[in-house]
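Report on the following structure.
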Amino acid sequence: MSRIVLVHGIAQEVLGPETLLAEWYPALSDGLTLGSGPGVPREEVSMAFYGDLFRQKGHRGPGVPELDAGDVEDGIERELLLQWWEHAARLESRVPGPGDRTRLRTPHLVQRALDALSHSAFFAGIGERLMIGAARQVRRYFTEPALRDTIGQRLADTLTDRTELVVAHSLGSVVAYEALCARPERPDVALVTLGSPLGVRNIVFDRLRPAPTHSRGRWPAPVRQWVNIADGGDLVALAKELGPLFGDRVRDLPIHNGARAHDVRPYLTAAPTGRVIAEALAGHAR
């Protein structure tokens, strides 16, 4: 009956809704248990899946086509990589910053950013191709209207009149925000965003639909309460607090996920997240 709808982020193109739900549901249940909340049966939880829309078409040769700095497009892709670089350099001393003299060793600005990010704990073990691929999915979402509409419709089709809570991670929080704004007539829901990039100026916030007015994002009409949860080391959630941009009704909650700052599983297993989810479900019942 979709009492809870989950919305994933980028880099899920080779998975599917049931595969992802099999990963997320145990973490969701653990968070509820640790937060002293009641459990939610699996049949009451659904995954709004859109990853397949980013899956590449078949090509000759094995593996995924390589991407390098020369493939990074100006605009969203380039600016997102540079913002990740700047933020990582502020958080970690081992990451050389854009203003360091070491930047002169590599002539290409984007290549310097990729090289620097490879030293960060956040991107540990992730190659250049995956970093570029992540930025590319964000760019495609905002620059391909048909893709954006289809993704939003996937979420709308997963929501039911009995849906009480939407839990959205990473780019999924943008999908959830826009889809709920576009459907003011639907029954009210609670919204929990995890590692959200909604507050990233110039790249995300200023491209939202509906467009912000006077530097303030519109409140999604069906949302009765909104809790935003962000780890201080999460590079995707560059703006940790959404209240200043979307209003005082947003409750911003800091959290610590350890080495996997952006991974959805430590977000979900955290007791504070479990308490927030339990409170949202209880609030709907009252």
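Only the coordinates and a few stated rules stand behind these numbers; no lab work does. Everything numeric in this text was worked out from a predicted model, so none of it was measured. With ideal geometry, Cβ positions are generated from the backbone for all residues, glycine too; neighbour counts draw on all protein chains shown.
In table form, for the structure just shown:
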quantity: GNM top mover of G31, G39, G172 - the chain, alpha-carbon springs below 10 Å; calculated: G39
quantity: Size of charge dipole - the chain - debye, nearest 20, with Cβ of Lys, Arg +1 and Asp, Glu -1, no other charges; calculated: 340
quantity: T33 paired with W219, simple spin-label distance in nm, labels 7 Å along Cα-to-beta-carbon; calculated: 3.7
quantity: Rounded tilt (10° steps) of 76-91 against the dominant C-alpha axis of the chain; calculated: 90
quantity: Helix 145-158 axis, angle to the chain major axis (alpha carbon atoms, nearest 10°); calculated: 30
quantity: Rounded if a/c under 1.5, otherwise prolate or oblate - the range 69-142, Cα gyration tensor axes; calculated: prolate
quantity: Net lengthening on full extension, D74/E23 (0.36 nm per residue, minus Cα-Cα); calculated: 14.9 nm
quantity: Rounded tilt (10° steps) of 271-285 against the dominant C-alpha axis of the chain; calculated: 40
quantity: Largest-first ellipsoid semi-axes for the range 1-53, taking √(5λ) over the Cα gyration tensor eigenvalues, angstrom; calculated: 22, 11, 8
quantity: Loop sites in the range 111-163: trypsin sites (Lys or Arg not before Pro), DSSP, at most 12 other Cβ within 10 Å; calculated: R162
quantity: Relative exposure of W24, W219, judged by other C-beta atoms within 10 Å (fewest first); calculated: W219, W24
